[in-house]
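A short write-up of the structure that comes next.
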Amino acid sequence: MITDIIKASVAASAIRLATPYIFASLGETFGQRSGVLNLGVDGIMLLGAFAAYYAVFETGNLLLGVLAALIVGMLLGLAMAFISVTLQAEQGISGIGVYLFGLGLSELLFQKTVSTPTPIEGFPRINFPVLTDLPVLGEIFFHHNLLVYVAFALVPISSFILNRTTFGLQIRAVGQNPEAADAMGISVARVRYMTVMIGGALAGLAGASLSIALLNIFQSNLTAGQGFIAVALVYFGAWRPYWVMGGALLFSTVNALQLQVKTIENALGINVPSEFAVMAPYVVTIITLIFASKRVEQPTALTKPFERGES
Amino acid sequence: MPEHLLPTGHRRIDQMRMQGIVKKFPGVLAVDHVDFDVKAGEIHALLGENGAGKSTLMKILYGLYHQEEGQVFLNDLPVVIRSPNQAIQHGIGMIHQHFMLVPSLTVAQNVALGMKSSRGFLLDIDMVSKRIRELSEIYGLQVNPSTPIWQLAVGEQQRVEILRALYRGAALLILDEPTAVLTPQEVDDLFRILKQMTADGHALIFISHKLHEVLAISQRITVLRDGKQVYSIPTETATKETLAHMMVGRPVVLHYDLRPIEPGPARLRLEEVSATSDRGDEGLKKVSLQLHAGEIVGVAGVSGNGQRELAQVIAGMRSTSSGKIWLDNHDVTNHSPAAMNQHGLSHIPEARMTDGVIKNFTVAENFVLQNHGRKPYAWGGVFMNFRNITRQCKTAIKDYEIKTPSHETPIKSLSGGNIQKLVLARELSRQPRVLIAAQPTRGVDIGASEYIHHRLLEERTKGTAILLISEDLDEILALSDRIVVMYEGAIVGEVKRDQADIRTLGLMMAGSKVPV
């Protein structure tokens, strides 16, 4: 049936499109859990996307592209950590600074190097023996590129790190009560640097997943604000990796529907103005955030710089 | 103790000595050449007003601050303690006044925080829990390792703090105002544990400004004032009067002469008032209360049992879900704070720095916060009359003995006691018919507290109806004609002042309904 095919292809593309959201919002989860709100995710994604794209454009080596994105992301994370942790700048403002920096620099570098959007050979879709050939399920689950699987694998890994390791306990303590963590001999600054750098690396990877796996191209403002949605997803997912993944899938589904809106319209014989389709993810963002009220894990020290009280 | 080991298996600290300690903050000499020592098996109390340097001295010992001069010795060996981590390694633990616990984490997770795990980077919560149970066994500190901290009562949270210090091998434990938030029964419990710990060979430092507690628990007392060590004495020879004198630097009245007054007509009436708390549960449950002219009604209770909601509901800062509030026979239920003011209500809010003043405003601006648009502070309700504001504010500064460089100083640079005096001056300047005083002396030094108490008693004599909400039972007992006790949002009992005894009040504060 035609509708089944549409459903399968919408589901498959939803899973693919969730990749950048998952990478970026998992990374942001680490930072926020430790008390640092990094609004610069989108900018880091853009520079990560460009770094990966350029590395692949020049060398054709995909792993080199991934590595470039990770390193660029981590360096921007380091910068964000330096501004917000060491210099104790207002986090919201410094994040916007990082975003504008990433937006501008990625555009500039692109113009100075490749300058015209040139497609590259990105991560190929994997063909699993037997599984890929399954009807419907094969298309939905077993015919994606490597980064898609890496992103989904990171969800349980992040959850494990946060909940079962000493580092995770330190992250949660620093985000909830930095004074207590400090009194217990934990370096608040060290923990925050690490989480923000992890967040940066994953944001870079999120960018790479767009430029060398999903779209296989780079252009100015490639992410179109996906990094900001990733930040919103962290709130939506109440700082829990699995819920964050759920949010990412919800949004990527809306994205997928929007991309296939013409096919669906034809199949169902209706007509939706394209502006509405484009608006949809953002409207859904706002609506879900209003209703996402579970706040148990909200880091109470979020956006608050820590300084040992000298009073 | 032949091997100098404690029952927890850690090494004893036979003696800790601080010598000639000096610590400066910008513009202040916080600690000025202080010597202090404590031995295994004793409790040495450190007494002093806010800002006397007690906490600063102890934070130096715990590695949170670093001294400019002086030396710390452990068992006669000089040591340098650069961080809490190093303090812990030396066997020094500290129970902070504001508990250093992460509310969303469990007891065991809080204890494990910052410790090396036996499983490397993986958490070993089961091992930690087992050890917690062993330790709670030794000291009778009942606590379930898997309960999240936010579900625990304050007294239990303190037990977690003590357990954690013991877990980490504290042989010397600093307790910073440990009784401030406890009920009398919880204080008894704490003292039992402290006595057992000293009998075992722990060395304890007990920071407090409550004289009777210091006299009850310690072997030695050192008094600090303005960063200087002014008095050191064995407890058996100390008296309340000399200690208070030493703390404040002048003789202090410890008991007030409360002349009986025939209470006048009811000024404030609450009829089965309920309200929702910030957490969304029923913070105030059908509270009925009458407040008469010329009487002080004390509201006792452990923090967080509806006192805050009660004050806010009366002041118009929180809406009621049911019930009625009457001010002088006007129905003022759910009126705005401004309307309440118009009806003659004054309110000294519990959260002084957020609800009482605007931190960055000057003393004068804060003084006219409510009346800035009225005569004599404004012309036609529009243009501020700075001459009058200045004059009235200067009078208030003089009358209320507010220590401030000028009326144009930002209020945040004043001490807690002086800020509170300004709030009091402002609220009383409107000649209220009803006064709600919520925690009027919290964080205020003895000298200023005494002054505020005298002012409240003066208001009582004038015939103002006063509701005194306080967590400090001594304050309630010293000033109130009647005492009501709140527990979980409801009034669970009422006693007359001359029939009040601290045991019964304590039991009611812990929730038991005592027939009175």
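The values are calculated or read from the model by the stated rules, or taken from the named source; none is laboratory data. Since we're looking at a predicted model, the values are computed, not measured. Counting neighbours? That spans all protein chains shown, and the Cβs are built from the backbone with ideal geometry, glycine included. Please note that ligands, DNA and RNA were not included when accessible areas were found on the heavy atoms of the full protein model with its side chains. Shrake-Rupley method; radii C 1.70, N 1.55, O 1.52, S 1.80 Å.
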From the set of residues in segment B:25-45 that are within 25 Å of the chain's Cα centre (by Cα) and open to solvent by 30 Å² or more (accessible area, probe 1.4 Å), which is farthest from the other protein chains (Cβ to nearest Cβ)?
B:29
Any chance residue B:76 is over 24 Å from residue B:136 (Cβ atoms), touching a Gly at 6+ places or on another chain (Cβ under 9 Å) and either among the charged types (D, E, K, R) or not assigned by TED's automatic domain parsing to the domain that holds residue B:197 (or both):
no
For the structure I just gave you, tell me whether residue B:81 is modelled with pLDDT under 90 and closer than 16 Å to residue B:16 by Cβ.
no
Please enumerate the residues belonging to segment B:98-148 that are of a type in the set (Ser, Thr, Tyr) and within 7 Å of chain A (Cβ to nearest Cβ).
B:104, B:117
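Suppose the filter is open to solvent by less than 50 Å² (accessible area, probe 1.4 Å), in contact with a Lys or Arg (Cβ under 8 Å, 6 or more places away or on another chain), within 23 Å of residue B:184 (Cβ to Cβ) and outside any helix (DSSP H, G or I); does residue B:494 pass it?
Taking the combined requirement at face value, the residue does not satisfy it.
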Tell me which of these residue B:472 doesn't satisfy, since it passes every other one: (1) within 19 Å of the chain's Cα centre (by Cα); (2) of a type outside the set (Gly, Ala, Ser); (3) closer than 29 Å to residue B:359 by Cβ; (4) surrounded by 20 or more Cβ atoms within 10 Å (Cβ to Cβ).
(4)
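Residues checked against (1) within 24 Å of residue B:135 (Cβ to Cβ); (2) at pLDDT below 95:
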{"position": "B:25", "(1), (2)": "no, yes"}
{"position": "B:32", "(1), (2)": "no, yes"}
{"position": "B:43", "(1), (2)": "yes, no"}
{"position": "B:56", "(1), (2)": "no, yes"}
{"position": "B:59", "(1), (2)": "no, yes"}
{"position": "B:65", "(1), (2)": "no, yes"}
{"position": "B:85", "(1), (2)": "yes, yes"}
Could you check, for segment A:219-228, whether at least one of its residues is assigned to a loop (DSSP other than H, G, I, E, B) and surrounded by 19 or more Cβ atoms within 10 Å (Cβ to Cβ)?
yes
Complete set of residues in segment A:273-311 that are modelled with pLDDT under 75 and part of a loop (DSSP other than H, G, I, E, B)
A:292, A:293, A:294, A:295, A:296, A:297, A:308, A:309, A:310, A:311
Among the numbered conditions (1) in contact with a Ser or Thr (Cβ under 6 Å, 6 or more places away or on another chain); (2) of a type outside the set (Ser, Thr, Tyr); (3) open to solvent by 40 Å² or more (accessible area, probe 1.4 Å); (4) under 30 Å from residue A:138 (Cβ atoms), tell me where residue A:83 comes up short.
(4)
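Going through A:248, A:203, A:189, A:238 one at a time, which residue ends up being within 14 Å of chain B (Cβ to nearest Cβ), of a type in the set (Gly, Ala, Ser) and either in a helix (DSSP H, G or I) or in contact with a Leu (Cβ under 6 Å, 6 or more places away or on another chain) (or both)?
Being within 14 Å of chain B (Cβ to nearest Cβ), of a type in the set (Gly, Ala, Ser) and either in a helix (DSSP H, G or I) or in contact with a Leu (Cβ under 6 Å, 6 or more places away or on another chain) (or both) holds for just one of A:248, A:203, A:189, A:238, which is A:189.
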Of the numbered conditions (1) of a type in the set (Val, Ile, Thr); (2) in contact (Cβ under 8 Å) with a residue 40 or more places away in the chain; (3) surrounded by fewer than 18 Cβ atoms within 10 Å (Cβ to Cβ), residue B:239 satisfies every one except a single condition; which is it?
(2)
Determine, yes or no, whether residue B:427 is farther than 29 Å from residue B:26 by Cα, surrounded by 12 or more Cβ atoms within 10 Å (Cβ to Cβ) and of a type in the set (Asp, Glu).
yes
Only residues in segment A:213-240 that are at positive phi count as the first member; pair them with residues that are among the acidic types (Asp, Glu) and open to solvent by 50 Å² or more (accessible area, probe 1.4 Å), Cβ under 9 angstrom, at least 6 apart or cross-chain, and list the lot.
A:216/A:121; A:221/A:107; A:238/A:297; A:239/A:297
If we keep just the residues of segment B:401-417 that are open to solvent by less than 20 Å² (accessible area, probe 1.4 Å) and assigned to a helix (DSSP H, G or I), which is nearest to residue B:447 (Cα to Cα)?
B:417
Can you confirm whether segment B:286-296 contains a residue that is closer than 23 Å to residue B:440 by Cβ, among the hydrophobic types (A, V, I, L, M, F, W, C) and part of a helix (DSSP H, G or I)?
no
If residue B:265 satisfies every condition in (1) out of contact with any His (no Cβ under 6 Å at 6 or more places or on another chain); (2) open to solvent by less than 50 Å² (accessible area, probe 1.4 Å) but one, which is the exception?
(2)
For segment A:176-186: of the residues being part of a helix (DSSP H, G or I) and in contact (Cβ under 8 Å) with a residue 12 or more places away in the chain, which is nearest to the other protein chains (Cβ to nearest Cβ)?
A:176
Cβ pairs under 6 Å, 6+ apart or interchain, first in segment B:147-159 and closer than 12 Å to residue B:179 by Cα and touching a residue at least 60 places away in the same chain (Cβ under 8 Å), second hydrophobic (A, V, I, L, M, F, W, C) and open to solvent by 50 Å² or more (accessible area, probe 1.4 Å), ordered by first then second residue, are B:154/B:181
Given the structure, is residue B:85 out of contact with any helix residue (DSSP H, G or I) (no Cβ under 7 Å at 6 or more places or on another chain) and surrounded by 15 or more Cβ atoms within 10 Å (Cβ to Cβ)?
yes
Specify the residue that is nearest to the other protein chains (Cβ to nearest Cβ); the eligible residues are those in segment A:155-168 that are open to solvent by less than 40 Å² (accessible area, probe 1.4 Å) and within 23 Å of residue A:230 (Cα to Cα).
A:168
Within segment A:21-48, the residues that are under 14 Å from the mean Cα position of the chain (by Cα) and among the charged types (D, E, K, R) are A:28, A:42
Of the listed residues (B:309, B:282, B:295), the one being acidic (Asp, Glu) and in contact with a Pro (Cβ under 8 Å, 6 or more places away or on another chain) is B:295
Checking the conditions here, which among B:63, B:53, B:48 is touching a residue at least 60 places away in the same chain (Cβ under 8 Å), in contact with a helix residue (DSSP H, G or I) (Cβ under 6 Å, 6 or more places away or on another chain) and surrounded by 23 or more Cβ atoms within 10 Å (Cβ to Cβ)?
B:48
Selection within segment A:123-148 - more than 19 Å from residue A:64 (Cα to Cα), surrounded by 18 or more Cβ atoms within 10 Å (Cβ to Cβ) and of a type in the set (Val, Ile, Thr):
A:140
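Restricting attention to segment B:67-97, which residues are outside any loop (DSSP other than H, G, I, E, B) and facing another protein chain (nearest Cβ under 8 Å)?
Once the filter is applied, which keeps residues that are outside any loop (DSSP other than H, G, I, E, B) and facing another protein chain (nearest Cβ under 8 Å), segment B:67-97 yields B:84, B:85, B:88, B:94.
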Looking at (1) surrounded by fewer than 20 Cβ atoms within 10 Å (Cβ to Cβ); (2) within 14 Å of chain B (Cβ to nearest Cβ), which is the one condition that is false for residue A:173?
(1)
